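The values are calculated or read from the model by the stated rules, or taken from the named source; none is laboratory data. Bear in mind the structure is a predicted one, so any value in this text is a computation, not a measurement. Backbone-built Cβ (ideal geometry, glycine too); neighbour counts: all protein chains shown. Heavy atoms of the whole protein, side chains included, go into the accessibility calculation; ligands, DNA and RNA do not. Shrake-Rupley method; radii C 1.70, N 1.55, O 1.52, S 1.80 Å.
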Protein chains: 4
Amino acid sequence: MDFRELERKVVAFRDARDWKRYHTPKNLAISAAVELGELLEHFQWETDEDIMNYVKDQEAKEAVADEIADVIIYLTLLAHELEIDLDEAVERKLRKNEEKYPVRGD
Amino acid sequence: MDFRELERKVVAFRDARDWKRYHTPKNLAISAAVELGELLEHFQWETDEDIMNYVKDQEAKEAVADEIADVIIYLTLLAHELEIDLDEAVERKLRKNEEKYPVRGD
Amino acid sequence: MDFRELERKVVAFRDARDWKRYHTPKNLAISAAVELGELLEHFQWETDEDIMNYVKDQEAKEAVADEIADVIIYLTLLAHELEIDLDEAVERKLRKNEEKYPVRGD
Amino acid sequence: MDFRELERKVVAFRDARDWKRYHTPKNLAISAAVELGELLEHFQWETDEDIMNYVKDQEAKEAVADEIADVIIYLTLLAHELEIDLDEAVERKLRKNEEKYPVRGD
């Protein structure tokens, strides 16, 4: 799935439920932050080693994956509202990172 | 670009710089939260109407797009560490949302 | 209650449960972020007017107050670990803000 | 300094600058999240041991203390808007925590 397909799906999901009126930029950015908080909660008292063990359990791994997916879904809805093309945005940011942090020897 | 291509790119970027040792699950989740904080900063004192006007400026829009892209990039790196397939994770979460919030008449 | 009294209380609470080993700087900062996410969740789909009405209900108001208190409690524990005197830190930050944003006519 | 004194100070600071109109519940909660993101940034790539060394430097420690203070200042302004008494809220939350996590032998 690419970002344009994801955008089509989440916008169709939203429109089928008539939720556009709730999807203001601030509400969507807050929603992404709420879901990121839930992601952090899985890691709250764990060491990195604990976390790597924790996600060996399929159910735990799916719970973490769900939180990551939720953040991405809300960011996709936010990008839609702001008419940001996520494919383009991610490509451009990767290029900026390449320029900002050149590999030694480049 | 789909999530597998994005994953390949961000992992290649990281490995070229020998940054894997910094990319623990906690550090990557914290990094996503840092970037989401920077995204929220753009909206901090603005109304939703202000925000919609603000992103009419191409430079402002690109600045917001950069923050969204940064969160997605860190989440992709986190998913990679945890061996979560983001394509699958997002598809599954969309299906769960469909079940959790049925459309009236379904 | 001032910050020194709060610090004494939360450290005594923690020591009685032998939780010091979990209270690393990163875990405590993550915990503050988790609780702030829960605070944001109360405001996620509401307008500011909705929120002002929502907290007229005593139970709702207490739920919001609990989240704010949780963030403050974790930040107090974090400050304790880093040997930051919160009374002093807040006083100093208020002075910096006064200098950074002078009142017109000052 | 206790929470009532802090509240008086931050509200006086705000009113002297005529900023009340910006201080909606959502804006203040977002502001607390922005500052918490800046706090997390200090810890982003560090181990807990690095962090403990980092704050031995007085300037670094003050920078971290400033971020913690900023979160507390915004939460105090938020509590003020919602007519939440922070002294009372923190006391009540500490009591709830005592009940939720009894000390073995209690």
Among A:32, A:79, A:60, whose mean-square fluctuation peaks in a Gaussian network model of chain A (Cα, cutoff 10 Å)? A:60
Please list the radius of gyration and Dmax for the protein assembly as shown, considering alpha-carbon atoms only, with Å as the unit. 21.5, 65
Residue C:85/residue A:104 FRET efficiency (R0 51 Å; Cβ-Cβ; nearest 0.05): 0.75
Chains D and B together, accessible area buried on both sides, 1.4 angstrom probe, square angstrom: 1400 Å²
Over the protein assembly as shown, give the accessible area per residue in Å² for a 1.4 Å probe, as an integer. 47 Å²
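Greater than 18 Å separation of Cα atoms is the criterion. Which listed pairs, C:61/D:26; C:9/D:93; A:56/B:100; B:26/C:26; A:9/B:93, meet it?
A:56/B:100
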For residue C:2, enumerate residues with amide H under 5 Å from its amide H, sequence gap 5+ or separate chain, H modeled in the peptide plane. none
Quantify, in whole percent, the carbon and sulfur part of the accessible surface of the stretch A:35-98 (1.4 Å probe; protein heavy atoms only). 43 percent
Helical contribution to [θ] at 222 nm, DSSP H n ≥ 4, -39,500 (n - 2.57), averaged over the protein assembly as shown, rounded to 500: -24500 deg cm²/dmol
Checking understanding here: applying a Kyte-Doolittle mean of at least 0.0 and a length along the axis of at least 15 Å (C-alpha), which whole DSSP H helices in chain B pass? B:25-43, B:58-81
Over chain B, what relative contact order in percent results from Cα pairs under 8 Å that are six or more residues apart? 43 percent
Nonlocal amide H pairs with residue D:44, under 5 Å, H built at 1.01 Å: none
